[in-house]
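The values are calculated or read from the model by the stated rules, or taken from the named source; none is laboratory data. Only a predicted model underlies this, so the values are computations on that prediction, with no experimental measurement involved. Quick reminder, even Gly has a Cβ in these numbers, built from the backbone with ideal geometry, and neighbours come from all protein chains shown. To get the accessible areas, we keep the full protein, side chains included, count just its heavy atoms, and leave off ligands, DNA and RNA. Shrake-Rupley method; radii C 1.70, N 1.55, O 1.52, S 1.80 Å.
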Amino acid sequence: MKKNTAIIFRIAGIIFFIVNMLSVLEMFNVNISTFMYIITEDSRGWSIFFIVTALLYTTYFLFALFSTGTAALFGGKNGFTQSVWNCSVYSLVALSAYTSMEIITGIEPEEQFFLVQSIIMQLFFSIIMLVCLKEEKTFFWKNILPVDENSRLSLKAYVIMLALIETASFFIAHHLLGE
């Protein structure tokens, strides 16, 4: 990757990582409110629906953090470029699925702005990454399977972080309800 492109790659990663970190409270809010609903309500169908919704949102958030964080830290070096692209694509897919499920249940007006902002931000980051990564000889944009070691590492980190976030959200919801 050329020096100027690597700088753009890293700056975009830093900016979008900071913006994603600002929404960490929203991610916990979605998870905690989901578990509060599940604990207090007896509707199994809606409980499963809301769990899937919360998992999709957390998946979007984690992969967005992984892609932007890796871009910010490594700036296109050390073979991390394919994992940045993979995580960015996984994030877009999870955000699209989450948005679809939110549309099914009816999006509240305050969530509409947040969802539109998240979609635009993630698309913009993915386009920047695609343009920067086109210079790499080993980069293939259609290859989103975790074939390289760094992509597999991202998936392992995702599973661990997802388990920790969901467990913490459950215990916080349980504590808030006093049950």
Listed by first then second residue, the pairs whose first member lies in the stretch 157-179 and is farther than 29 Å from T70 by Cβ, whose partner is surrounded by 15 or more Cβ atoms within 10 Å (Cβ to Cβ), with beta carbons under 7 Å and at least 6 positions apart or on separate chains, are A173/I32; A173/F35; A173/M36; L176/M36; L177/M36
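At pLDDT 80 or above, surrounded by 11 or more Cβ atoms within 10 Å (Cβ to Cβ), closer than 16 Å to V89 by Cβ and aromatic (F, W, Y), is that true of F139?
On the way: at pLDDT 80 or above: no; surrounded by 11 or more Cβ atoms within 10 Å (Cβ to Cβ): yes; closer than 16 Å to V89 by Cβ: yes; aromatic (F, W, Y): yes.
So F139 fails the test.
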Go through the residues of the stretch 89-109 one by one and say whether even a single one is among the aliphatic types (A, V, I, L, M), in contact with a Ser or Thr (Cβ under 7 Å, 6 or more places away or on another chain) and more than 30 Å from G45 (Cα to Cα). no
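This table checks each residue for (1) open to solvent by 40 Å² or more (accessible area, probe 1.4 Å); (2) at pLDDT 90 or above.
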{"position": "G13", "(1), (2)": "no, no"}
{"position": "M21", "(1), (2)": "yes, no"}
{"position": "E26", "(1), (2)": "yes, no"}
{"position": "A94", "(1), (2)": "no, yes"}
{"position": "T105", "(1), (2)": "yes, no"}
Given the options Y98, Y37, name the one that is open to solvent by less than 20 Å² (accessible area, probe 1.4 Å), of a type outside the set (D, E) and over 16 Å from G13 (Cβ atoms). Y98
